[in-house]
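Here is the structure we will look at.
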Amino acid sequence: EQQVQQSPASLVLQEAENAELQCSFSIFTNQVQWFYQRPGGRLVSLLYNPSGTKQSGRLTSTTVIKERRSSLHISSSQITDSGTYLCAMERGYNQGKLIFGQGTKLSIKP
Amino acid sequence: GGIITQTPKFLIGQEGQKLTLKCQQNFNHDTMYWYRQDSGKGLRLIYYSITENDLQKGDLSEGYDASREKKSSFSLTVTSAQKNEMAVFLCASRTDYEQYFGPGTRLTVL
């Protein structure tokens, strides 16, 4: 069973459009983290958001723990936002054992 | 700020060979991780370590050994490389909540 489901699997947008990425979990968790990865690139931490809403620049994450879901909103997308976005939840308590989703591949066109 | 380095960047091995991957971090983080990233399968946890000389198995530990002799370094050994195996191995370390990743070692087995 895939414990972390991400949707959509891929998303193609025009520059300046907003992107909405979704993540749902099969079990309850108290840690959710969003990452970004370019092809062949390093996994970069975007936001740690265990609950509620958290913003960093053009990124906004909303996590609703009781509904076992988290979203990542990218406003005014740019071509350089293209890449794969991964969400991860912690399994277990406070040891950071992350379970990752399969990712959403985002492509921003000019 | 700190950094995580992984060596080598590319590793080519022969079937049955024992191969060692190295990871160093200067964040002074206690907990470190090894993940395997396969195309289409996301990231899976191989081993983690919550302190020097501690080792904990992840979901994918069979076929691997790990070593944490110093707080700053965490090594992973592929005990017997499998023919046609191709994957990226990612090392990470953790603050209280967030995980930070190294650039990865790309393994190819001939």
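Every number in this text was worked out from the coordinates using simple rules, so none of it is lab data. Keep in mind that this is a model prediction, so the values were computed, not measured. No Cβ is skipped: glycine too gets one built from the backbone with ideal geometry, and neighbour counts run over all protein chains shown.
Which of the residue pairs B:18/B:70; B:22/B:57; A:105/B:41; A:66/B:57; B:18/B:83; A:54/A:105 have a Cα-Cα distance greater than 20 Å in the structure shown?
Check vs 20 Å cut-off fails for B:18/B:70; A:66/B:57; A:54/A:105.
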Considering only DSSP beta bridges where both residues belong to chain B, give the percentage that are antiparallel (nearest 5). 90
Charge dipole of the protein assembly as shown built from unit charges on the beta carbon (Lys, Arg +1; Asp, Glu -1), centred at mean Cα; most positive-end Cα among B:110, B:92, A:80 is B:110
Quick calc, the stretch B:4-109, dipole around Cα centre from Cβ unit charges on Lys, Arg (+) and Asp, Glu (-), nearest 20 debye, gives 300
Counting other beta carbons within 10 Å of each residue's own, what order do B:32, B:86 fall into, fewest first? B:86, B:32
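Taking the Cβ of residue B:62 as the center, what net charge do the other residues with Cβ under 14 Å away carry, scoring Lys and Arg +1 and Asp and Glu -1?
On the way: positive: B:36, B:44, B:57; negative: B:59, B:65, B:85.
Local net charge: 0.
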For residue A:15, which sequence-distant residues (separation of 5 or more, or a different chain) have an amide H within less than 5 Å of its own amide H, given hydrogens modelled in the peptide plane? A:109
Distance from the stretch A:95-110 to the stretch B:16-68 (C-alpha centre basis), Å: 20
Quick calc: nm separation of the 7 Å Cα→Cβ label points for residue B:67 and residue A:109 -> 5.2
So which cysteines of the protein assembly as shown have no other cysteine's Cβ under 4.7 Å from theirs? none
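First measure r as the distance between the Cβ atoms of residue A:12 and residue A:73, then evaluate 1/(1 + (r/R0)^6) with R0 = 22 Å and state the FRET efficiency to the nearest 0.05. Write down the numbers at each step before the final one.
Working: r = 17 Å, r/R0 = 0.77.
Once the sixth-power term is evaluated, E becomes 0.85.
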Cβ-based charge dipole, the stretch A:4-109, positive-most Cα from A:103, A:55, A:13: A:103
Given a Förster distance of 25 Å, report the FRET efficiency between residue B:14 and residue B:57 from their Cβ-Cβ distance, rounded to the nearest 0.05. 0.45
